[in-house]
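Colleague: One structure follows; several queries about it will come next.
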Amino acid sequence: MRGRTVCPKPRSRARNARGRERVALSVGYGRMGRMSQENLPDDAHPEYADALPEYAERVLEVTELIPPGRVMTYGDVAEWLGEGGPRQVGRVMALYGGAVPWWRVVRADGALLPGHELAALGHYRAESTPLKEASRAAEGHLPRLDMKRARWDGGERAEGHT
(Lines give C-alpha, C1' and ligand atoms only; values in the text may rest on other atoms or scores of the structure.)
Protein backbone atom coordinates (compact mmCIF):
# COMPACT_ATOMS: atom_id res chain seq x y z
CA MET A 1 0.00 0.00 0.00
CA ARG A 2 2.20 2.73 -1.23
CA GLY A 3 1.25 6.32 -0.38
CA ARG A 4 -1.49 5.42 2.11
CA THR A 5 -1.43 6.06 5.82
CA VAL A 6 -1.81 3.22 8.27
CA CYS A 7 -4.66 4.93 10.08
CA PRO A 8 -6.66 7.12 7.72
CA LYS A 9 -8.05 10.13 9.54
CA PRO A 10 -11.73 10.91 9.17
CA ARG A 11 -12.41 14.17 7.39
CA SER A 12 -14.55 16.63 9.21
CA ARG A 13 -17.39 18.16 7.27
CA ALA A 14 -19.09 21.47 7.84
CA ARG A 15 -22.40 21.08 9.63
CA ASN A 16 -24.93 23.45 11.09
CA ALA A 17 -24.96 24.22 14.82
CA ARG A 18 -27.04 21.14 15.61
CA GLY A 19 -24.70 18.89 13.67
CA ARG A 20 -27.34 17.37 11.39
CA GLU A 21 -27.32 19.18 8.06
CA ARG A 22 -24.30 19.83 5.93
CA VAL A 23 -23.53 23.45 5.17
CA ALA A 24 -21.93 24.77 1.99
CA LEU A 25 -18.55 26.40 2.51
CA SER A 26 -17.48 29.56 0.72
CA VAL A 27 -14.05 28.06 -0.10
CA GLY A 28 -12.64 24.57 0.07
CA TYR A 29 -12.08 23.68 3.72
CA GLY A 30 -8.50 23.72 4.87
CA ARG A 31 -7.53 26.38 2.32
CA MET A 32 -7.78 30.14 2.41
CA GLY A 33 -9.44 31.80 -0.51
CA ARG A 34 -7.34 34.23 -2.49
CA MET A 35 -7.98 37.84 -1.50
CA SER A 36 -8.38 39.61 -4.79
CA GLN A 37 -10.89 41.40 -6.95
CA GLU A 38 -12.25 37.97 -7.98
CA ASN A 39 -13.78 37.52 -4.52
CA LEU A 40 -15.68 40.80 -4.56
CA PRO A 41 -19.36 40.81 -5.49
CA ASP A 42 -20.10 42.02 -9.02
CA ASP A 43 -21.80 45.17 -7.73
CA ALA A 44 -18.98 46.16 -5.36
CA HIS A 45 -17.34 49.33 -6.67
CA PRO A 46 -17.60 48.52 -10.38
CA GLU A 47 -16.05 51.86 -11.39
CA TYR A 48 -12.93 51.03 -9.36
CA ALA A 49 -12.61 47.36 -10.30
CA ASP A 50 -9.15 47.80 -11.87
CA ALA A 51 -7.80 50.22 -9.24
CA LEU A 52 -5.30 49.08 -6.63
CA PRO A 53 -6.15 49.51 -2.97
CA GLU A 54 -4.53 52.67 -1.57
CA TYR A 55 -2.30 50.72 0.83
CA ALA A 56 -1.06 48.51 -2.02
CA GLU A 57 -0.21 51.58 -4.11
CA ARG A 58 1.84 53.02 -1.25
CA VAL A 59 3.71 49.74 -0.69
CA LEU A 60 4.56 49.53 -4.39
CA GLU A 61 5.72 53.17 -4.41
CA VAL A 62 8.13 52.46 -1.54
CA THR A 63 9.39 49.37 -3.38
CA GLU A 64 10.20 51.48 -6.42
CA LEU A 65 12.22 53.89 -4.24
CA ILE A 66 14.64 51.19 -3.05
CA PRO A 67 17.88 51.69 -4.98
CA PRO A 68 19.48 48.86 -6.99
CA GLY A 69 21.77 46.76 -4.81
CA ARG A 70 19.82 47.55 -1.65
CA VAL A 71 16.88 45.89 0.13
CA MET A 72 14.22 46.59 2.73
CA THR A 73 12.44 43.99 4.83
CA TYR A 74 8.67 43.62 4.83
CA GLY A 75 8.68 45.15 8.33
CA ASP A 76 10.88 48.05 7.19
CA VAL A 77 8.38 48.94 4.48
CA ALA A 78 5.48 48.82 6.94
CA GLU A 79 7.41 50.94 9.44
CA TRP A 80 8.37 53.44 6.74
CA LEU A 81 4.69 53.76 5.78
CA GLY A 82 3.60 53.97 9.42
CA GLU A 83 0.79 51.52 8.73
CA GLY A 84 0.25 47.78 8.59
CA GLY A 85 2.87 45.18 9.32
CA PRO A 86 5.15 42.68 7.59
CA ARG A 87 2.31 40.31 6.73
CA GLN A 88 0.26 43.03 5.08
CA VAL A 89 3.26 44.16 3.03
CA GLY A 90 3.96 40.54 2.07
CA ARG A 91 0.37 40.08 0.96
CA VAL A 92 0.53 43.20 -1.22
CA MET A 93 3.79 42.00 -2.76
CA ALA A 94 2.32 38.55 -3.42
CA LEU A 95 -0.75 39.95 -5.15
CA TYR A 96 0.55 43.06 -6.91
CA GLY A 97 4.38 43.06 -6.73
CA GLY A 98 5.15 41.63 -10.17
CA ALA A 99 5.37 45.06 -11.83
CA VAL A 100 7.94 46.48 -9.37
CA PRO A 101 11.40 45.29 -8.27
CA TRP A 102 9.92 42.69 -5.89
CA TRP A 103 13.31 41.15 -5.10
CA ARG A 104 14.24 44.28 -3.12
CA VAL A 105 11.62 43.58 -0.42
CA VAL A 106 12.86 40.61 1.59
CA ARG A 107 12.58 38.56 4.76
CA ALA A 108 14.36 39.93 7.82
CA ASP A 109 16.67 36.90 8.02
CA GLY A 110 18.02 37.49 4.51
CA ALA A 111 16.74 34.18 3.12
CA LEU A 112 15.77 34.24 -0.55
CA LEU A 113 12.07 34.19 -1.37
CA PRO A 114 10.92 30.53 -1.52
CA GLY A 115 9.95 29.55 -5.04
CA HIS A 116 11.73 32.54 -6.56
CA GLU A 117 15.27 31.93 -5.31
CA LEU A 118 17.00 31.67 -8.68
CA ALA A 119 15.19 34.63 -10.24
CA ALA A 120 15.96 36.79 -7.19
CA LEU A 121 19.58 35.61 -7.11
CA GLY A 122 20.00 36.67 -10.73
CA HIS A 123 18.71 40.16 -9.89
CA TYR A 124 20.95 40.40 -6.80
CA ARG A 125 24.03 39.46 -8.79
CA ALA A 126 23.17 41.88 -11.60
CA GLU A 127 22.70 44.72 -9.07
CA SER A 128 25.74 43.70 -6.95
CA THR A 129 23.59 43.27 -3.85
CA PRO A 130 25.79 42.06 -0.94
CA LEU A 131 25.35 38.32 -0.34
CA LYS A 132 26.66 35.92 2.29
CA GLU A 133 28.01 32.58 1.15
CA ALA A 134 25.78 29.65 1.97
CA SER A 135 26.93 27.15 4.57
CA ARG A 136 27.17 23.52 3.52
CA ALA A 137 24.21 22.77 5.79
CA ALA A 138 22.02 25.34 4.02
CA GLU A 139 19.24 23.84 1.94
CA GLY A 140 20.23 23.94 -1.72
CA HIS A 141 23.44 25.78 -0.81
CA LEU A 142 21.88 29.12 -1.76
CA PRO A 143 23.44 32.29 -0.38
CA ARG A 144 21.59 34.72 1.87
CA LEU A 145 21.48 38.46 1.67
CA ASP A 146 24.05 40.26 3.81
CA MET A 147 21.47 42.34 5.65
CA LYS A 148 24.04 44.50 7.46
CA ARG A 149 25.42 45.76 4.17
CA ALA A 150 22.38 45.52 1.86
CA ARG A 151 19.65 46.98 4.07
CA TRP A 152 18.41 50.42 3.04
CA ASP A 153 16.89 52.66 5.70
CA GLY A 154 14.89 54.78 3.26
CA GLY A 155 17.09 57.78 3.90
CA GLU A 156 19.33 59.79 1.66
CA ARG A 157 22.08 57.18 1.50
CA ALA A 158 20.66 55.81 -1.75
CA GLU A 159 23.94 55.34 -3.59
CA GLY A 160 26.35 52.47 -3.03
CA HIS A 161 26.73 50.07 -0.14
CA THR A 162 27.82 50.83 3.40
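Colleague: Can you give me the solvent accessible area of TYR96 with a 1.4 Å probe, rounded to the nearest 10 Å²?
Modeller: Accessible area, nearest 10 Å²: 60 Å².
Colleague: Sort HIS116, HIS123 by heavy-atom solvent-accessible area, probe 1.4 angstrom, most to least.
Modeller: I get HIS116, HIS123, largest accessible area first.
Colleague: Using a 1.4 Å probe on the protein heavy atoms, what percent of the accessible area of the stretch 56-142 belongs to carbon and sulfur?
Modeller: 51 percent
The values are calculated or read from the model by the stated rules, or taken from the named source; none is laboratory data. Small disclaimer: the values here were computed from a predicted structure and weren't measured. Note: areas computed on protein heavy atoms with side chains; ligands, DNA, RNA excluded. Shrake-Rupley method; radii C 1.70, N 1.55, O 1.52, S 1.80 Å.
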